[in-house]
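Structure first, commentary second.
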Amino acid sequence: MDDLLSTVRAFDGVLELAPTAGGDAPPLAWGDHFFYYAPDGVLPPGQPYATVVTKDYPGDVSSRLDAPGRWRVNVHVGRGRFTDLLGYEPRAVPEGPDHAQPDVLLPHPVYAGLGWVAVVTPGAATLPTVLGLLREAHEQARARWSRRVEPH
């Protein structure tokens, strides 16, 4: 996980929220990472473009992240890219993906319909793809940010 986090932290304009014990974030978020494009350091409206979660959340337990050494990277890729990557549309996820499989590109167990993909504990099979998707998501977030702040 450290290599992946280091790579994303090096993207220009990245804003990482990484809640820890004693901070303002709810305890459930402690130890997780949320990535935004915000070169001004101001949290933009909306969702992050990627997250790294280290535990199960209520309603999101199928990845079995509470087991030792497991974590999941989640990336918003959009509906078109989702279809390109997985071969079906985000709202047509087939029954039965095993969301606990490590090192496999999968639809996000909760947010697939919104164009999110996920990988549990990326390794040799998926890490290059995941890093590329993170870069793409960062660039898309940059474009959204630019449209918001630049005069038309």
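The values are calculated or read from the model by the stated rules, or taken from the named source; none is laboratory data. All values reported here derive from a predicted model rather than from experimental measurement. Every residue, glycine as well, gets a Cβ built from its backbone with ideal geometry; the counts of neighbours run over all protein chains shown.
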Q: Output the number of the condition that P102 fails; it satisfies all remaining conditions of (1) of a type outside the set (S, T, Y); (2) free of Cβ contacts under 8 Å to residues at least 24 places away in the same chain; (3) farther than 30 Å from A143 by Cα.
A: (2)
Q: Return the total of residues in the stretch 83-96 being surrounded by 14 or more Cβ atoms within 10 Å (Cβ to Cβ) and without any contact (Cβ under 8 Å) to a residue 12 or more places away in the chain.
A: 2
**Q.** Matching residues in the stretch 4-16 - criterion: being closer than 23 Å to R70 by Cα and either crowded, with 16+ Cβ neighbours inside 10 Å or at pLDDT below 95 (or both)
**A.** L4, V8, E16
**Q.** Only one of V52, V77, V61 that is surrounded by fewer than 16 Cβ atoms within 10 Å (Cβ to Cβ) and of a type in the set (A, V, I, L, M)
**A.** V61
Q. Among the numbered criteria (1) touching a residue at least 60 places away in the same chain (Cβ under 8 Å); (2) part of a helix (DSSP H, G or I), which single criterion is violated by F35?
A. (2)
Q.
Contact list please: Cβ distance under 6 Å, first residue in the stretch 19-32 and on the phi < 0 side of the Ramachandran plot, second residue part of a loop (DSSP other than H, G, I, E, B) and acidic (D, E), pairs at least six apart or on different chains.
A. none
Q) For A100, are the conditions met, namely being touching a Ser or Thr at 6+ places or on another chain (Cβ under 8 Å), farther than 17 Å from L4 by Cα and modelled with pLDDT of 95 or more? A) yes
Q.
Quick check on the stretch 109-131. Is at least one of its residues in contact with a strand residue (DSSP E or B) (Cβ under 7 Å, 6 or more places away or on another chain), among the polar types (S, T, N, Q) and either farther than 16 Å from D3 by Cα or touching a residue at least 24 places away in the same chain (Cβ under 8 Å) (or both)?
A. yes
